[in-house]
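Read-outs throughout are calculated quantities, based only on the coordinates presented, and are distinct from any laboratory measurement. Predicted model only: the values in this text are computed from it and were never measured. Cβ sites come from the backbone with ideal geometry, for glycine too, and all protein chains shown count toward neighbours.
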Number of protein chains: 2
Amino acid sequence: MMTTREPVALWPQEDDLGLMTDLYQLTMMVGYFRSGMAGRRAEFELFVRRLPHGRAYMVLAGLEQALAGVLAMRMSADRIAWLRGLDAFKHLDSSLLDALADVRFEGDVWAIPEGTVVFPGETLLRVSAPLPQAQWVETYLLAALGYPTLVASKAARMTTAAKGRPLYEFGARRGHGPQAGLLAARSAYLAGFAGTSLVEAGRRLEIPVVGTMGHSWIQAFDREEQAFAAYAQIYPGSATLLVDTYDVLEGVRKAAAIEPAIAAVRIDSGELDSLARAARAILDEHGRAGVKILCSGDLDETKIARLVAAGAPIDGFGIGVELVTSRDAPALSMVYKLVELEGQGKYKLSPGKRTYPMAKQVYRRRDPAGRFAGDLVARADEPAAGEPLLERVVQGGRLVHEPPSLIRVRERCRDQLAALPDHLLALDAACDYPVVYSDQLEADARRLMGG
Amino acid sequence: MMTTREPVALWPQEDDLGLMTDLYQLTMMVGYFRSGMAGRRAEFELFVRRLPHGRAYMVLAGLEQALAGVLAMRMSADRIAWLRGLDAFKHLDSSLLDALADVRFEGDVWAIPEGTVVFPGETLLRVSAPLPQAQWVETYLLAALGYPTLVASKAARMTTAAKGRPLYEFGARRGHGPQAGLLAARSAYLAGFAGTSLVEAGRRLEIPVVGTMGHSWIQAFDREEQAFAAYAQIYPGSATLLVDTYDVLEGVRKAAAIEPAIAAVRIDSGELDSLARAARAILDEHGRAGVKILCSGDLDETKIARLVAAGAPIDGFGIGVELVTSRDAPALSMVYKLVELEGQGKYKLSPGKRTYPMAKQVYRRRDPAGRFAGDLVARADEPAAGEPLLERVVQGGRLVHEPPSLIRVRERCRDQLAALPDHLLALDAACDYPVVYSDQLEADARRLMGG
C-alpha cells in the first residue's frame, strides 16, 4: 500500500524561524506598526527570577545557538500569506501585514559570555532594537538559552560531585525530543563532562564520543562469555563490557578472564557501591588492576557525591536522564522584559514579578585571592567598580564577536567554578551570593513607581 | 568587525539523522557485521517500565515523528569517513565501516496508534528487522516517542481537570530547546487542548493559533488605558487584554470601559480564584457579561482542578511550563529491548529491569458498557480475545499505513479517555489498571530463565 501523506519529522528549517514565536509577539508587532511606534528604540533584558530549590548558581549556556537563530529569523512572502488567513489578522488592511515582510533583526545584543557563573536578578542578555524586532525574538531567545543553561548548571553540580572522576553524557534517548539531546551534550561538555554518547553531537561540536555496549549485544549471543570475547576481539584494548545482563559478579568474573584484556566493565543496575567493590576485588584477583569500573543508572549529583565520599572504586560515571531532563528542577524562571523605551525607564509591578527599569550592566568584584566577592547590577551608563560581564556581541544585526570555540567556553566554565566561593559549590548550598542593585537603579525604580 | 566562525544553531538536517544515535549502537552494528550476525532477524520491543508517582495511564504520542526520522536515517560517505577517525574505529579494517554505508532501515514496525491510552509493561512498538538496523534506530525512537508521550499524558490530565473549559498551550519559551515547543504543541492539541501560541506549530500542524498580549505592550505606552484602547481598536472584538501589569482590579476596570468591547481579560499572577471573582463582578457591573476571563501563571492540573471545583469564574486557562516540561515527572522509563532473535526468545535479568522474551501483541477487553476492562500481553503468534492494539505501520522499510491527521488522533484520544474507568481519571489515581501476561509468555519466560 502506498500512502498519500508523508509523516512529518518536526525539524524546523531556517525558513521557519520567523514563526518560531508566540502569536502575541506578531499581534503586538503589527500593533506597534499601526500605532506609529515601530521606530522606537527598546531595551529588553533577559534574566532569571529565582533559582530552583537547592541550586546556588547557574552556568550560562546556549548563547551561540540563540544568536544563530535570532540572526536567521525572516518572514518569507508565503509565511505572510499564511498569516493573513489567521483569525487574528483576517480583518486587517493588508498593508499592515506587509510591514512584517521586511522585518529582520537589526538591533544590538549585549550578553554575558557562555560558561560564566551567573545568579538570579542579573541581566544575562540585553537586546537594544526597534520595538517590533525586540518583541519578535523573545520566544526564541528564551527557548534557546533556558534549557542549555539549566543543563550546564546541573552538569556543573555533577562535575563538582565527581571530584575529578570523568563523567560521560549518555542521555540522548531521554531528552525532550531529539534536538534536546544535542543541546544537552553541548552543555554537559561545556560544564566539565568528558564526552558524550551522541555521535552527531561529537561530529558537530568536536566533543569526544564515547560508548560501551548495550544489553542487546549480550542477549544476541547464546552465552555471555561469547558476547564478551567477540567484543574484546573487535575492539582490542578499548572494550567496555556491560556486566549486569544476568548476574553482575558472575559477569565481572567472565569479563576478567577475557583475552585480550578489556578497558573497563560497566555496571548499570543494583547497589553500585558494594557491586563496584566486589567487582574491583575480582578484577584485581585476576590480575586486571588496569581494568576500570564505570557505573550508570539514574545517577544524579547526590548519588555521585555519596559514592565518591564512600570511596567506591568507581573510575567514571555514565549520566543520562537526571542530567538531560534536569529532573529535580526541569525549568528556570527565565524572563525577557522591557526595561527602557526611547531612553525612558519601564517596569512592571505584577505580584511577585517586579522588574527594575533602565538598561543595565553587571559588575563582578573579586577578593584578593581572586574569588568572586559579589556582583553589582548598575545602569549601563553608570560608572562602577569591578569587571563588566555583559559585552556587545551583535551590532546593527551583525555579529561583532566571534563565538568562542566550545573548548574555550569549557575552560572559562572551569575557571569560573574555581573562582566561586567554596560554600556555594556544596550540593545543598543556599543561594546567598551577594547581588545588589546600584543606588542609582533603586532611585530610578522609586521615582518611576512613585514610591 | 567581521567574524570568521559562524554560530551554529544545532538544528539537525535529514542527512544528520544517521548519526543521531549513541556510539554503542554503531560499535555493536560493526560487531554484528564482523561476527557474521548482521543477517539475523531481531525483534525489539519498546515499552515503559513503570509510571511516575501519581500517574495512572499514558497517552501514546510521537509515532509520526518517530517513523519519519527512522525512515530517513542514512549514512553518507562523508559521515563514514568521519567515523573512521574516531578512536573506537581507527584500528578496524576499512571494509567493516563500509558495511555501514549501505545501511538503511528495511524492517517492519508494529505500533499502537497515537492517541491510544496505554499502560506500563505493554509493548507500545515492535521493530522486526536485521539485527544491526534494529539496533541503530533505538536512540531516535526513544527520543522521538518519550517526550511527546509524556506531554500528551500530562495534557490529558489537565484536560480532565478543566472539565470542558478550554486550555491553551503557551509553553514554547519553556521547552527543552526550540524543537520541544513544536512537539509539546502537537501533544497538547492531540490530548484535548484548544490551541497553541506557537505560530509555527499552527502552520505546520493546523493547530488553532491563539494569543493575548505581553506585558511589554502595556509598558510601551505611557498609560495602561492607552495600551488597552489601542489594542482593542486594532483587534476589534477579539482582543484579550493583560490586566496585571500594575494593579489587577484597576486594570480590569479600565479594560471594562474600553470601546469597542474586548473579548477577554487575562490574569497572569496573584491569587487567581479571588481575582477572577472580583474581575467577573467588575465586568458584569460594566455591562461586560460577554467578556471572558482567562488565567495563566504556572498552572498545573491540580491548580486547575482546585479552581474549577471552587467555581472560580474562569473561562479558559493558558498553560506553559508545567505542561511542556512535565515538571512533576519530566521523564518516562521508556526502554527498547531485544526479545527475540531468529525465532529464539531473549530476555534479561538485571535487578529491577527484567524483560519478557518473544514478540508480543497487546489485547484490550471492554466491559459491556464499552469501558476498558483489562489488557492481555500475549505472544504475537498466540490467539487471544480482545482488540489487538499493535498494527503494522512499516513493512520492508516502507510505510504501509498513512499517518492519521492530527485531528483524527485527537478524536481517538478523546474517545479513549472516555472509555477509561472513571477512577483512573482521578489526579491521584493509583496505577492499578489490570495488565496481565499470557500463560504462554509466563511459561516461555520460566523455561528460558531456567525457573
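Extent of region B:17-88 along each principal axis, from alpha carbon coordinates, in Å, largest to smallest?
That works out to 47, 25, 24 Å along the principal axes.
Based on the alpha-carbon gyration tensor of region A:40-82 and its eigenvalue square roots a ≥ b ≥ c, which shape applies: rounded if a/c is under 1.5, prolate if not and a/b is larger than b/c, or oblate?
Numbers: a/c = 2.79, a/b = 2.27, b/c = 1.23.
Because a/c hits 1.5 or more and a/b exceeds b/c, region A:40-82 counts as prolate.
Which lysines, if any, have their Cα less than 18 Å from the Cα of B:K254, not counting same-chain residues under 8 positions apart?
A:K348, B:K292
May I ask you to sort A:F33, A:F193 by Cβ crowding, counting other Cβ atoms within 10 Å and putting the fewest first?
Least crowded to most crowded, the residues run A:F33, A:F193.
With viscosity set to 0.890 mPa s at 25 °C, what whole-number translational diffusion coefficient in µm²/s follows for region A:161-324 from Stokes-Einstein and a Kirkwood radius over Cα pairs? Intermediate results must be reported in sequence, preceding the final value.
Details: Rh = 16.1 Å.
For these conditions, the coefficient is 152 µm²/s.
Add -39500 (n - 2.57) for each DSSP H run of 4 or more in chain B, then divide by its residues: what number comes out at 222 nm, to the nearest 500 deg cm²/dmol?
Estimated from H runs of four or more residues: -11000 deg cm²/dmol.
Under DSSP H, which helices of chain B have Cα atoms covering 27 Å or more of the helix axis and a Kyte-Doolittle average no less than 0.0? Could the numbers behind the result be given before it?
Values: long enough: B:138-162 (36 Å, 0.55).
Correct list, ordered by number: B:138-162.
Kirkwood Rh and Cα-based Rg: tell me the resulting Rg over Rh for region A:289-340, rounded to two decimals. Each step should come with its number before you reach the end.
Numbers: Rg = 17.2 Å, Rh = 13.6 Å.
Expressed as Rg/Rh, it is 1.26.
Sort chain A into rounded, prolate or oblate with this rule: let a ≥ b ≥ c be the square roots of the eigenvalues of the Cα gyration tensor; rounded if a/c is under 1.5, and if a/c is not under 1.5, prolate when a/b is larger than b/c, oblate otherwise. Write down the numbers at each step before the final one.
On the way: a/c = 2.95, a/b = 1.64, b/c = 1.80.
It is oblate, given that a/c is not under 1.5 and a/b is not larger than b/c.
Inter-copy label distances at A:E342, 7 Å along the Cα→beta-carbon direction, one decimal in nm, shortest first?
Here A:E342 shows inter-copy label distances of 8.0 nm.
Amide H of A:R366: which non-local residues (sequence gap of 5 or more, or other chain) have their own amide H closer than 5 Å, using H built in the peptide plane?
Sorted by chain and number, the residues that satisfy this are A:A373.
In this model, which of A:K163/A:K303; A:K353/B:K163; A:K303/B:K337 are farther than 18 Å apart at the alpha-carbon?
Details: A:K163/A:K303 13 Å; A:K353/B:K163 30 Å; A:K303/B:K337 26 Å.
Table pairs above 18 Å Cα-Cα are A:K353/B:K163; A:K303/B:K337.
If you scale each eigenvalue of the Cα gyration tensor by 5 and take the root, what three semi-axes come out for the protein assembly as shown, rounded to whole angstrom and sorted largest first? Intermediate values should be presented prior to the final figure.
Details: eigenvalues 433, 225, 121 Å².
So the equivalent ellipsoid measures 47, 34, 25 Å along its semi-axes.
Placing the label point 7 Å from Cα along the Cα-to-Cβ direction, what are the distances from A:G311 to the equivalent spots in the other copies, shortest first, in nm to one decimal?
Shortest to longest, the spacings are 6.7 nm.
Compute the relative contact order of chain B as a whole-number percentage, counting only Cα pairs closer than 8 Å that sit 6 or more residues apart in sequence.
Values: 863 pairs, mean separation 94.1, N = 451.
The normalised contact order for chain B reaches 21 percent.
Would you work out if region A:1-148 is rounded, prolate or oblate? Take a ≥ b ≥ c from the square roots of the eigenvalues of the alpha-carbon gyration tensor; rounded if a/c is under 1.5, else prolate when a/b is larger than b/c, oblate otherwise.
Working: a/c = 2.36, a/b = 1.34, b/c = 1.76.
Oblate.
Only four residue types carry charge here, +1 at the Cβ of Lys and Arg and -1 at the Cβ of Asp and Glu. Report the dipole size of region A:177-309 about the Cα centre in Debye, rounded to the nearest 20.
Numbers: 13 positive and 17 negative charges, 83 e Å.
I would put it at about 400 debye.
Using only Cα atoms, locate the centre of region A:251-309 and the centre of region A:25-89, then give the distance between them in Å, rounded to an integer.
49 Å
At A:S76, with labels set 7 Å past Cα in the Cβ direction, how many nm apart are the copies from this one, shortest first?
Result, one decimal in nm: 1.9.
With the radius of gyration and the Kirkwood radius both derived from the Cα set of region A:83-128, what is their ratio Rg to Rh? Numbers along the way, then the final one.
Working: Rg = 18.1 Å, Rh = 14.2 Å.
Radius of gyration over Kirkwood radius for region A:83-128 works out to 1.27.
Give the residue list of trypsin sites (Lys or Arg not before Pro) in region B:73-160 that are DSSP loop and have at most 11 other beta-carbon atoms within 10 angstrom. Intermediate results must be reported in sequence, preceding the final value.
Working: sites: B:R74, B:R79, B:R84, B:K90, B:R104, B:R126, B:K154, B:R157; in loops: B:R74, B:K90, B:R104.
Of the trypsin sites (Lys or Arg not before Pro), the ones in loops of region B:73-160 whose Cβ has at most 11 other Cβ atoms within 10 Å are B:K90.
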